[in-house]
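For reference, the structure is listed below as structure tokens.
Every read-out reported here was derived from the displayed coordinates using simple, explicitly stated rules and does not represent laboratory data. This is a predicted model, so every value here is computed, not measured. Every residue, glycine among them, receives a Cβ derived from its backbone with ideal geometry; neighbour counts consider all protein chains shown.
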Amino acid sequence: MRAVVVALSDLGRSARMQYHAHALAANGVDVDLVGYVGTPLARRITDDPRITVHRLTPFTRRFRQGSAVQYAMVAVVESLRMGFRLWRALRKLGRVDLVLVQNPPAFPTLMVTAWALRKRGVRLVIDWHNVGYTLLRRRLGRWHPAVRLGRWLERRDALQADAHLCVSRGLASFLQSRFGVSRARVLYDRPAAAFAPMDRAERERFRQGLFGRMGLVGDAAGFIICPSSWTEDEDFDVVIDAVLRLEDRVRGWEAAAPHRRFPSLIILVTGDGARRAEFERRFAGLPARRIFLRTRWLEPEEYPRVVGSADVGLCLHRSSSGLDIPIKIADLFGASVPVCALDYGASLAERVRHSDNGLLFSTARQLADVLFDLFEGYPADQDLLERLRTGARKSSRPTWEEGWNKEARDVLLGEHQAPSTLGEQHS
């Protein structure tokens, strides 16, 4: 059996699609993984003889100023150009049995993939991470003609697929009620085997070395990791405002009792992207008395270790649809790291349970209060952190491999199923 996995985004950042490719290869499938150049891929992808990577060069023009009409025109032209490039790459692949497509981006991925491969009798499965037209709506407004056209096209293309996977129950319900898609299978993002808990001594040794590389030395400090792609759906304003509010609260708290001292907090924002330079400049202007904001790109093999060394994770994702769940939350739970997450509704609550495996906040003031409560007695008093770690540890099961075998294997392999080796590789 041969499968094509299409993610029209930076492949190195498309963790879920890499997991799919690896799972298919572990089940004896030859996989062509297609997506953009950019971030390095994990070695388990590049070293797998069953996976062939095809990386396309995206167009680099970025639209920054102008009207909604100009933005829509530029988006259409760029989609057409990228669509042709994708169509040409797919047509070169020869005979395949299955194509698994990440959505979004819906435009031009769904239409072009169907045109290029569908006529060859290929089964088409869409893996829904979000709803594509809602991203366009964020920029152009709810009633813009381009948004309404995009919704119609996305719905039409969705109905052409043979099967659907999606990341939340809320998204599955939306696809059924609004798009007429039946039997969308929920496959939650789950941690890969690389994300595992560290014992306390190992965690402390590792992060002291990490702090040293960042030029931060001194007493024991609380460590908060904020995995990021630096995209527009992440609200960095809320963390900058929260840092200022927390600094003010700490000064008052320490002044009220001179013997008290709030611990230093290090907030590490990982990843890379278009908005990173802008916010690094804003980070640099913040007062660095107790809370230190740092940014750092991490290699795929280093990232799970850094996640595992954190006390808590910070998720700033603000969903365009309210239906998606960021994969970074699953990674954190895999390492038994609780999450402080910007609340956007019921779909997030499917995975993050307030005061059980994490804490939810809606404003900068609430985030400042959450961080103060977590670290007020740190490192001596970690009762709240330990309770949340226990919840996070429970939320890490089933693993990605177990969830994929249960929810996705029959959808993707169908009559081609062979005895699975996916779980054995990570036992």
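Full-extension gain between R88 and R249, please, as 0.36 nm times their residue separation minus the C-alpha to C-alpha distance.
Gain on extension, R88 to R249, equals 52.2 nm.
Kindly provide the helix-only [θ] at 222 nm of the chain, computed as the sum of -39,500 (n - 2.57) over DSSP H runs of four or more divided by all residues, to the nearest 500 deg cm²/dmol?
-13000 deg cm²/dmol, from helical runs alone.
Between W115 and D162, what is the spin-label point distance in nm, taking each point 7 Å from the Cα along the Cα→C-beta axis?
Inter-label distance under the simple model: 2.2 nm.
At 7 Å along the Cα-to-beta-carbon direction for both R296 and R275, put a label point, then send me their distance in nm to one decimal.
Rounded to a tenth, the inter-label distance reads 2.2 nm.
Which three extents, in whole angstrom, do the alpha-carbon atoms of region 200-395 cover along their principal axes, largest first?
Over region 200-395, Cα extents along the principal axes are 47, 37, 33 Å.
Can you compute the modelled spin-label distance between L149 and D237, with each label point 7 Å from Cα toward Cβ, in nm?
3.0
Cα axis of helix 145-158 to longest principal axis of the chain: angle in degrees, 0 to 90, nearest 10?
70
May I ask you to list the trypsin sites (Lys or Arg not before Pro) in region 148-193 that are in a DSSP loop and have at most 16 other Cβ atoms within 10 Å of their Cβ? Don't skip to the end; give the middle numbers.
Working: sites: R148, R151, R155, R156, R169, R178, R183, R185; in loops: R183.
Counting only loop positions with at most 16 other Cβ atoms within 10 Å, the trypsin sites (Lys or Arg not before Pro) in region 148-193 are R183.
Could you please rank H354, H317, H22, H54, placing first whichever residue has the fewest other Cβ atoms within 10 Å of its Cβ?
H354, H54, H317, H22
What FRET efficiency would be calculated for the residue pair E402, E202, taking the C-beta separation as r and a Förster radius of 41 Å, to the nearest 0.05?
Approximately 0.95, to the nearest 0.05.
Kindly count the pairs of lysines across the chain whose alpha carbons are less than 28 Å apart, treating pairs on different chains or eight or more residues apart as eligible.
4
Treat every Asp and Glu Cβ in the chain as -1 and every Lys and Arg Cβ as +1, leave all other atoms uncharged, and give the resulting dipole magnitude about the Cα centre to the nearest 20 debye.
1500
Would you mind calculating the gained length between S182 and H54 on full extension (0.36 nm times residue separation, minus the Cα-Cα distance), in nm to one decimal?
Values: separation 128, 0.36 × 128 = 46.08 nm, distance 3.17 nm.
Length gained between S182 and H54: 42.9 nm.
Trypsin sites (Lys or Arg not before Pro), restricted to region 194-280: which are DSSP loop and have at most 10 other Cβ atoms within 10 Å? Each step should come with its number before you reach the end.
Values: sites: R200, R203, R205, R207, R213, R245, R249, R251, R260, R261, R275, R276; in loops: R260, R261, R275.
Of the trypsin sites (Lys or Arg not before Pro), not one in the loops of region 194-280 has a Cβ with at most 10 other Cβ atoms within 10 Å.
What percent do you get for the relative contact order of the chain when only Cα pairs under 8 Å and 6+ apart count?
After rounding, I find 15 percent.
Could you pull out the GluC sites (Glu not before Pro) across region 283-366 that fall in loop regions by DSSP (anything but H, G, I, E, B) with no more than 14 other Cβ atoms inside 10 Å? Spell out each step's value before the answer.
Values: sites: E301, E302, E350; in loops: E301, E302, E350.
Hits after loop and neighbour filter: E301, E302.
Given the options D237, D356, D311, which has the most mean-square fluctuation in a GNM of the chain, springs set between C-alpha atoms less than 10 angstrom apart?
Sorting by GNM fluctuation, first place goes to D237.
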